[in-house]
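Here the structure is laid out as C-alpha cells; the discussion comes afterwards.
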Amino acid sequence: MEMFERILVPLDGSPLAQAILPYVMVVAKGFHSHVILFHVAETALDHEDPEQKTYADETMERMRPLAENYLAGVADELRREGIDVQTKVVGGRAAAQIVEHAEQENVGLIAMSTHGRSGLARWVMGSGIDKILRACEQPVLLVRPRDEGASGEAAARLSKIILPLDGSNAAEAALPFAEELSKALGLEVILIQVIGVETTVRFGPMAPDSWPVPSDVLQRLDVVASGYLAGLAKQLKDKGLTVQWEVLRGAAGSRIVEFAKETSDSLVAMTTHGRSGFRRWVMGSVTDEVVRHTGEPVLVMRPHRSR
C-alpha cells in the first residue's frame, strides 16, 4: 500500500474547514489517492444516560441527511477533478471519531484545517488536533485558513517541501514522508537546521536565565550542522531528488516560520518532537508555532510510527 493511498478529510460544513481541500486535491492527484470525506455530528451529551442517549440519537438522525447532502456536494467537486471519493457521516466526539475511523479505514494521511465552525475565535490547536496527533499513527496535514472568508476554492500551488531537522532520529522520522512527497509531486526538498543563539539555565525554583552563545561556539555549531545537512542532502540527491540545505540562527519556531513565509509555494514537514524525545511534546511550542503562523500547509507526524 502506498504511503498516501487513502486520505481521511474531516469537514464540519464550514468554509474554514474546506481550506484544506485544494491541498487534498494536489496530494490525491499525485498519489492517486482514495479520499474519504468525513463528518462527525457532535453532541455534548452523556450517552450513558438512556434519556440523553435517545435524544442524541434522534438529533443525529435529523442531522445526518444534511451532513450527507453537504459531503455529496463536496465529493462531486473532487470527482470532477478525477479524484476517487467516498463520504462518511458518524456521531460522537470529533477527535475520538477521527482517530478511530482513520484506523478503521486504514488511511495513510489525515488532512484537515486548523479551524472549523468556531472560526478564528478559538484555535483548535491544543484541543482537538492535539488529541488527534497524540493518539493517531497517521501523519496529519494541517492548513491554517487565511481568514474567516476562506472557502478553500483557490487552487493550491506546491513546489518545495521544507524539512526542519535538529540532528535527532525523532526529527528525521519526517524524511521518508518528505521523500515520497518530493517524488510524487515533483517538490524540491529544503533541509534546514536552526542553531539557537541563546542558552537557558534554570536554578531550582528561580526563573530561568538566558545568555548569548559565544560566537566561537556558534561557529562550531554551524560547521557541525552544515556537515550534517550536507550529508543528508547527498543521500537524497543520490535518490534523484532536488535538494538544498541551509543553517539558520535564532529561536527555532520563529525562524522556521520566517523561512517558510519567505519560501513561496512551500509545505513544511516536521515531527511532533525532536531532540527532547518523548519526555516533552513539542505541540504547544515549536510545531504549534509553525502551524499557527506560517500560513503554509504543515505535515505533522509522530516519530517512530509503525506505518
Tell me which residues, restricted to region 1-30, are closer than 20 Å to residue 93 by Cα and either assigned to a loop (DSSP other than H, G, I, E, B) or without any contact (Cβ under 8 Å) to a residue 12 or more places away in the chain (or both). 11, 12, 13, 14, 16
Does region 134-148 contain any residue that is at pLDDT below 90, farther than 25 Å from residue 5 by Cα, surrounded by fewer than 13 Cβ atoms within 10 Å (Cβ to Cβ) and in contact with a Gly (Cβ under 6 Å, 6 or more places away or on another chain)? yes
Confirm whether residue 40 is closer than 20 Å to residue 138 by Cβ, assigned to a strand (DSSP E or B) and modelled with pLDDT under 95. yes
Which residue, of 306, 254, 264, is part of a helix (DSSP H, G or I), at pLDDT below 95 and surrounded by fewer than 17 Cβ atoms within 10 Å (Cβ to Cβ)? 254
Mind checking which residues of region 149-164 are at pLDDT 95 or above and more than 16 Å from the chain's Cα centre (by Cα)? 159
Quick check on region 216-230: of everything there that is free of Cβ contacts under 8 Å to residues at least 40 places away in the same chain and in contact with a strand residue (DSSP E or B) (Cβ under 6 Å, 6 or more places away or on another chain), which residue is nearest to residue 244 (Cα to Cα)? 226
Look at region 90-105 and say how many of its residues are surrounded by fewer than 19 Cβ atoms within 10 Å (Cβ to Cβ), touching a strand residue (DSSP E or B) at 6+ places or on another chain (Cβ under 8 Å) and not basic (Lys, Arg). 3
Just need a number here: residues in region 59-103 that are of a type in the set (Asp, Glu) and outside any helix (DSSP H, G or I). 2
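The values are calculated or read from the model by the stated rules, or taken from the named source; none is laboratory data. This one's a predicted model, so the numbers in the text were calculated from it and none came from an experiment. Positions of Cβ are generated from backbone atoms using ideal geometry, with glycine treated the same way; all protein chains shown enter the neighbour counts.
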